[in-house]
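To keep things clear, I will list the structure first and then write my remarks on it.
The values are calculated or read from the model by the stated rules, or taken from the named source; none is laboratory data. Treat the numbers as computed from the prediction; the structure is a model and nothing was measured. So basically every Cβ, Gly included, is an ideal-geometry build from the backbone, and we count neighbours across all protein chains shown.
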Amino acid sequence: MIITVTLNPAIDISYRVNNFNINKGHRVENGLKTAGGKGLNVSRVLKQLGEQSLCLGFLGGQNGKWIKKRLEMDGMEQSFTTITEETRTCLAIIDEDHSTQTELLEKGPNVSEEEKERFLETFNQQLKKAKLIIASGSLPLGLEPSFYKEICKLVKEENIPFFLDTSGESLKLGIEGSPFLIKPNQEELSQFAGKELMKIEEMVEVAVKICNQGVQNVLLSLGENGAMLVRKDTILKADIPTIPVVNPVGSGDSMIAGMAYSINNGFDLKESLRMACACGMANAMEAKTGFVQPEIIKQLLSEINITTL
Ligand code: ADP
């Protein structure tokens, strides 16, 4: 069983408003409502790949109940920790006329000490049955930035691979826990380095330093430019073809799902990177977030070129 951890999930609502103007009222169709959160995207893609996973994290209030029901309807396994405060809502206004996307992202609930302890209890129990753990996204208020580092240590004690996909301070501290894999994009790696990284060589240099700190794999995603897998002993580069992009949101999460699937099924490094890229690309070709079609993945796999640097 693969476990995904989504500590600050959200109901994502998107409205299509052509010619969106601030300071004006707009009559709109009902918004498209989805159970959002990076870990939930990972779980959804894993399911499409035929791999069941268990979703953990915090859910509260009516929004929390809605997400729980939605996941149930989608046949996803879950064991969320119930909290007092309301799970957040995130709003996106998509204006196709102007190709803009305006977002309102709530900070989300505050998690109490007691709720954190209850989560850790569930996490420790489920850990015993897990083969791989994936923690994705930002932390809710109430959890200290070292929280991922804390759970990384628990996972390491069980000798299970831990994937960490986060940014900022929680990534910096998370790296100190020596996760099995991190997946920064160019912006996240630059933020970590404290300077804008433009060239591949600069990015690889930072990734190698991270590996020397104890992270086994740095999966560096480069959007339309493919990806790199950096390890202490190996550096692989994935060159990808141009694809018809519809919506790349969630491509990083889909990439993580592809990587987890590959590790879980004993693929070698090159094939794992190929599969990870194919999943990210397949997601970018769909309107829905965290959605891939296995037939398209199959086709893309043969078009990705992996080289050793
Ligand atoms: P994130 O969503 O975390 O920022 P990326 O945008 O780098 O991650 O996307 C992850 C992977 O998805 C990329 O490495 C690539 O394989 C694929 N992908 C994303 N955007 C595109 C795109 N515009 N064209 C082709 N592939 C893409």
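For the stretch 16-35, enumerate the residues that are under 25 Å from GLN293 (Cα atoms) and either modelled with pLDDT under 95 or more than 19 Å from the chain's Cα centre (by Cα) (or both).
Within the stretch 16-35, ARG16, GLY31, LEU32, LYS33, THR34 qualify.
I'd like the full set of residues that are within 14 Å of the ligand (Cβ to nearest atom) and surrounded by fewer than 18 Cβ atoms within 10 Å (Cβ to Cβ), limited to the stretch 192-221.
ILE200
So is VAL17 touching a His at 6+ places or on another chain (Cβ under 7 Å) and not polar (S, T, N, Q) or not?
Working: touching a His at 6+ places or on another chain (Cβ under 7 Å): yes; not polar (S, T, N, Q): yes.
Considered against the rule, which asks whether it is touching a His at 6+ places or on another chain (Cβ under 7 Å) and not polar (S, T, N, Q), VAL17 comes out as yes.
Has the stretch 235-242 got at least one residue that is part of a helix (DSSP H, G or I) and under 16 Å from GLN186 (Cα atoms)?
no
Looking only at the stretch 229-248, which residues are within 17 Å of the chain's Cα centre (by Cα) and crowded, with 17+ Cβ neighbours inside 10 Å?
Selection gives LEU229, PRO248.
Restricting attention to the stretch 173-191, and to residues there that are away from the ligand (no atom under 11 Å from the Cβ), over 18 Å from LEU273 (Cβ atoms) and within 17 Å of the chain's Cα centre (by Cα), which single residue is surrounded by the most Cβ atoms within 10 Å (Cβ to Cβ)?
Ranking the qualifying residues of the stretch 173-191, first place goes to GLY174.
With the checklist (1) over 25 Å from the mean Cα position of the chain (by Cα); (2) touching a residue at least 40 places away in the same chain (Cβ under 8 Å) in hand, flag the one item LEU46 doesn't pass.
It is condition (1) that LEU46 fails.
How many residues are in a loop (DSSP other than H, G, I, E, B) and either at pLDDT below 95 or within 15 Å of the ligand (Cβ to nearest atom) (or both) when one looks only at the stretch 243-271?
The qualifying residues number 8.
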